[in-house]
Amino acid sequence: MQRKVISIDESKCNGCGLCLPGCPEGAIQLIDNKARLVSDLMCDGLGACLGHCPQGAITIEEREAEPYDESKVMANIVKQGVNTLKAHLAHLREHQQHEYYQEAIKYLAEHHIPVPTDQAAEEHAKPCGCPGSHAMSFAREEHGGDEATGSRPSQLTHWPLQMHLISPRAPHYQGADLLLAADCVAYSLGDFHKDYLKGKALAIACPKLDDGQEIYVEKIKEFIDVAKINTLTVMIMQVPCCHGLLNVAQEAASQAKRRVPIKCIVVSLQGEILEEEWVN
């Protein structure tokens with residue numbers, strides 16, 4: 001996959017080792033008196049080590065690399081003791097890597113290793129440091145919801161919704177019919193909850209304004225291969241830029257090991273359904 005990883009210019013590196021504490025994941029090691037990236041899968045690409053190099057030998061590049069693997073990083077870190085573990089968890093919290101943080105906590109739980117008991121770690125052993133991003137599922141009572149007047153119940157069954165905040169491993173996505181909607185769809189479509197959200201798990205994104213959309217491809221692949229969703233419905237607006245969301249979904253589906261049916265629904269600016277067809 002194409003992603004960001006660090007690059008070390010060995011001609012500039014003087015072997016001082018000051019970069020090593022900035023990489024608690026252990027991706028950088030001194031070999032033959034030179035700092036070297038020992039494994040792509042242990043480099044998260046954030047570049048926390050950059051500011052520690054007095055020679056300017058470390059940069060970030062985007063290239064074909066193995067995906068970052070939190071479980072393998074944790075396997076290496078727990079061997080190095082509690083201080084290294086604390087440093088790694090603090091690194092994930094400070095850089096708001098909420099999904100990796102939860103994978104780290106899950107690894108500790110599965111291997112019966114206690115989470116470090118300092119105050120910061122206890123606070124962030126919750127789903128993430130931001131209360132508004134905590135993963136939640138909530139049941140909905142069955143209602144008719146077809147009344148022409150009066151209030152209609154929400155059909156939303158979980159939180160959060162934005163693609164950068166959600167985890168495909170959350171329980172409400174497992175085996176679900178997934179609705180991936182462009183941000184504006186729900187504002188344009190009056191019966192969005194009743195006709196399209198009901199019975200589905202939701203994720204939202206903006207293909208024009210969201211940064212880091214390569215992450216979306218990886219998450220949709222996880223929805224397909226790990227969460228094992230049943231179907232994927234992509235709802236977009238009629239404007240050209242919105243079709244980028246369908247492109248992201250189809251790119252992810254082409255890379256996934258499983259195959260799921262994909263439906264595309266195009267909504268007009270006035271809230272009318274212009275197209276509705278299975279595209280995969």
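Each reported figure results from applying straightforward, stated rules to the coordinates on display, with no laboratory input. In this text the structure is predicted, and so the values were computed from the model without any measurement. Note that each Cβ is placed from the backbone with ideal geometry, even for glycine, and that neighbours are counted across all protein chains shown.
For region 258-266, what does the Karplus curve 6.51 cos²θ - 1.76 cosθ + 1.60, with θ = phi - 60°, yield as ³J(HN,Hα) per residue in whole Hz, taken in order and with x for Gly and Pro?
Karplus values, whole Hz, x for Gly and Pro: 8, 10, 10, x, 10, 10, 10, 10, 10.
Based only on other Cβ atoms within 10 Å, what is the fewest-to-most ordering of Ser254, Ser11? The partial results should precede the final answer.
Working: Ser254 11, Ser11 8.
Going from sparsest to densest Cβ surroundings: Ser11, Ser254.
Modelling each spin label as a point 7 Å along the Cα-to-Cβ direction, I'd like the Trp278/Val82 distance in nm, to one decimal.
Distance between the two pseudo-spin positions: 5.6 nm.
Running a GNM on the chain with Cα contacts under 10 Å, which residue among Thr157, Thr231, Thr59 ends up with the highest mean-square fluctuation?
Highest fluctuation among the options: Thr59.
Would you mind estimating how fast region 2-64 diffuses translationally, via Stokes-Einstein at 20 °C and 1.002 mPa s with the Kirkwood radius over Cα pairs, in µm²/s? Mind dumping the intermediate values first?
Working: Rh = 11.4 Å.
Here the translational diffusion coefficient equals 188 µm²/s.
What are the trypsin sites (Lys or Arg not before Pro) within region 1-48 that DSSP puts in a loop, where the Cβ has at most 16 other Cβ atoms within 10 Å? The partial results should precede the final answer.
Values: sites: Arg3, Lys4, Lys12, Lys34, Arg36; in loops: Lys12.
Those that pass, being in a loop and sparsely packed, are Lys12.
So if we plug the beta-carbon distance of Arg169 and Val115 into 1/(1 + (r/R0)^6) with R0 = 22 Å, what FRET efficiency do we get, rounded to 0.05? List each step's numbers first, then the result.
Numbers: r = 19 Å, r/R0 = 0.84.
Efficiency at R0 = 22 Å is approximately 0.75.
Once you've got the Cα coordinates, tell me which of Lys79/Lys228; Lys72/Lys263; Lys4/Lys72; Lys79/Lys219; Lys208/Lys263; Lys4/Lys263 are over 24 Å apart. Write down the numbers at each step before the final one.
Values: Lys79/Lys228 33 Å; Lys72/Lys263 36 Å; Lys4/Lys72 18 Å; Lys79/Lys219 29 Å; Lys208/Lys263 21 Å; Lys4/Lys263 31 Å.
Where the Cα-Cα span goes over 24 Å, the pairs concerned are Lys79/Lys228; Lys72/Lys263; Lys79/Lys219; Lys4/Lys263.
Using Cα positions and a limit of under 19 Å, work out the aspartates and glutamates in reach of Lys200, with same-chain residues fewer than 8 apart set aside.
Glu141, Glu142, Asp146, Asp177, Asp183, Asp191, Glu222, Asp225, Glu276, Glu277
Mind checking the dipole of region 2-64: about its Cα centre, +1 per Lys or Arg Cβ, -1 per Asp or Glu Cβ, Debye to the nearest 20?
Details: 6 positive and 9 negative charges, 25 e Å.
For this selection, approximately 120 debye.
In the set (1) 1.07; (2) 0.99; (3) 1.04, which value of Rg/Rh (Cα atoms, Kirkwood Rh) was calculated from the structure you see?
Entry (3).
Mind grabbing the base-10 log of I(q)/I(0) for region 211-279 at q = 0.17, 0.18 Å⁻¹? Debye formula, identical points on the C-alpha positions, no solvent, two decimal places.
Those come out to -0.61, -0.67, one per q.
Scale the Cα Rg of region 161-280 by the rule-of-thumb value 2.2 N^0.38 Å and send over the ratio, two decimals. Intermediate results must be reported in sequence, preceding the final value.
Working: Rg = 13.0 Å, N = 120, 2.2 N^0.38 = 13.6 Å.
My calculation over the Cα atoms of region 161-280 gives 0.96.
I'd like the distance between the alpha-carbon centres of region 157-206 and region 210-280, rounded to an integer number of Å.
12 Å
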